[in-house]
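Student: Would you mind keeping the following structure in view while I ask a few things?
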Amino acid sequence: MIDLRSDTVTKPTAEMRAVMASAEVGDDVLGDDPTVQALEARTAEVLGKEAALFMPSGTMSNQVAVRCHTQPGDEIYLDANAHIFFYECGAPAALSGVTCGLIPAPRGIFGAAELHAAIRPSNIHFPRPALVCIENTHNRGGGSVWLIEQIAEVADEARRHGLSLHLDGARLWNASVATGVAEAQYAQHFDSVSVCFSKGLGAPMGSALAGSAEFIRRARRIRKMLGGGMRQVGIVASGALYALEHHRERLAEDHVNARRLAEGVAAVPGLEVNLAEVQTNIVMIRTPRMPAEQFAERLKGKGVLALAVGSDCIRAVTSLMVSREQIDQAVAAFASAACV
Ligand code: TLP
């Protein structure tokens, strides 16, 4: 099977497993795990922040951030397809007691004017505006990339209103590789940044939340409250650290493979890909002639896994699990599955 469902399907390489097997560990809740501390320090450095906190998942990282930035009854601003709103089980409401003000955003990217229009004026009837969340790259946007200028403009608007800013940077690494803008340059516009090691970087699990030392001190407490305090977790932190140092630059290969896949599939009658929208490792493929679920089933029969993410939309994600040769095989499978 060629697995294009997600870059979360990546398995640790032999080198990563070797590093993990020999990792020095301790009880991290008691502050004893040197490998976790090394990962947190290095992540903070890469993101240009004072501190970082190892998290079990990107979801917990995002939701701890929302909780730290808000009070119950506040409102956070993000687009309707943002992972924090769309894919995290209603957690902003359930865990932080906040409402979500949704910003219209083609492919997950909005401007200062759209943010301005969404922000509630001060009025006794309204929730209190607290936080703006940006996702870069944007998952449901098809791996779309925010330019640094677009972020600066939105951040200025948020600051003018006294709002905090959080970046869901699960795939920030991909954005940096695609634009050449360093992660820290992106991160400087935000109070908190969540990154994932378990996606394109290929670690078996783990994310990190970065911010000021004071913010991370509070985040550590909320993580514990949610059951995210972990013990000898240097075992997995070492895989994440290995991924951070060795698997960032190679994401460029995934981007080349995504483009190759997109160009191949775009030429298949009955399938549609907007090539201009393929910027990183995610390809959105329209299936106008049949429901996406049905197409995904047919594709599976041809040896390729991809996810239906809308009634007529398939998502294919490249990663270190998929070689260039397999991309060519996948294109052939798409062509065969599209034949009716
Ligand atoms: N995304 C997963 C699914 O949840 C959809 C995927 O396969 O792409 N932020 C962004 C932008 C994400 O894409 C994801 C995972 C997360 C956060 C959550 O990370 P985890 O799965 O570690 O909780």
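The values are calculated or read from the model by the stated rules, or taken from the named source; none is laboratory data. Not measured: the values here are computed from a predicted model. Ideal geometry is used to build each Cβ from the backbone, glycine not excepted, and the neighbour counts take in all protein chains shown. What goes into the accessible areas is simple: the full protein's heavy atoms, side chains included, and nothing from ligands, DNA or RNA. Shrake-Rupley method; radii C 1.70, N 1.55, O 1.52, S 1.80 Å.
Student: At a 1.4 Å probe, what is the % contribution of carbon and sulfur to the accessible area of region 122-224?
Tutor: Whole-percent figure for carbon plus sulfur exposure: 50.
Student: If I compute solvent accessible area with a 1.4 Å probe over the protein chains, what percent of it on region 250-338 is carbon and sulfur?
Tutor: About 49 percent, which is the carbon plus sulfur part of the accessible surface.
Student: I've got another one for you. Of Ala94, Ser238, Ser144, which is farthest towards the positive pole of region 11-246's charge dipole, taken about the Cα centre with +1 and -1 on the beta-carbons of Lys, Arg and Asp, Glu respectively?
Tutor: Projecting each Cα onto the dipole axis, the largest value belongs to Ala94.
Student: Counting DSSP beta bridges with both partners in the chain, what percentage is antiparallel, nearest 5?
Tutor: 50
Student: A further question on this structure: Looking at the chain, how many pairs of lysines come closer than 27 Å at the Cα, when each pair is eight or more places apart or spans two chains?
Tutor: 8
Student: Take each of the peptides 159-171, 141-153, 292-304, average the number of other beta-carbon atoms within 10 Å over its residues, and list them starting from the highest.
Tutor: Put in order of decreasing packing, that is 159-171, 141-153, 292-304.
Student: Follow-up question, since we're still on this one. From largest to smallest, what semi-axes in whole angstrom does the chain give when each is the square root of 5 times an eigenvalue of its alpha carbon gyration tensor?
Tutor: Semi-axes from the Cα gyration tensor: 32, 27, 17 Å.
Student: Tell me what the chain gives for mean residue ellipticity at 222 nm when only DSSP H runs of n ≥ 4 count, each as -39,500 (n - 2.57), the sum divided by the residue total, rounded to 500 deg cm²/dmol.
Tutor: Taken over the chain, the calculation gives -12500 deg cm²/dmol.
Student: If you average the C-alpha positions of region 99-142 and of region 247-291 separately, how far apart do those two centres end up, in angstrom?
Tutor: Cα centres, region 99-142 to region 247-291: 28 Å.
Student: Can you compute the charge dipole magnitude of the chain about its Cα centre, using +1 on each Lys and Arg Cβ and -1 on each Asp and Glu Cβ, nothing else charged? Give it in debye, rounded to the nearest 20.
Tutor: 600
Student: Next up: Using a 10 Å cut-off on Cβ atoms, rank the peptides 249-255, 190-196, 32-38 from the highest mean neighbour count down.
Tutor: The packing order, highest mean first, is 190-196, 32-38, 249-255.
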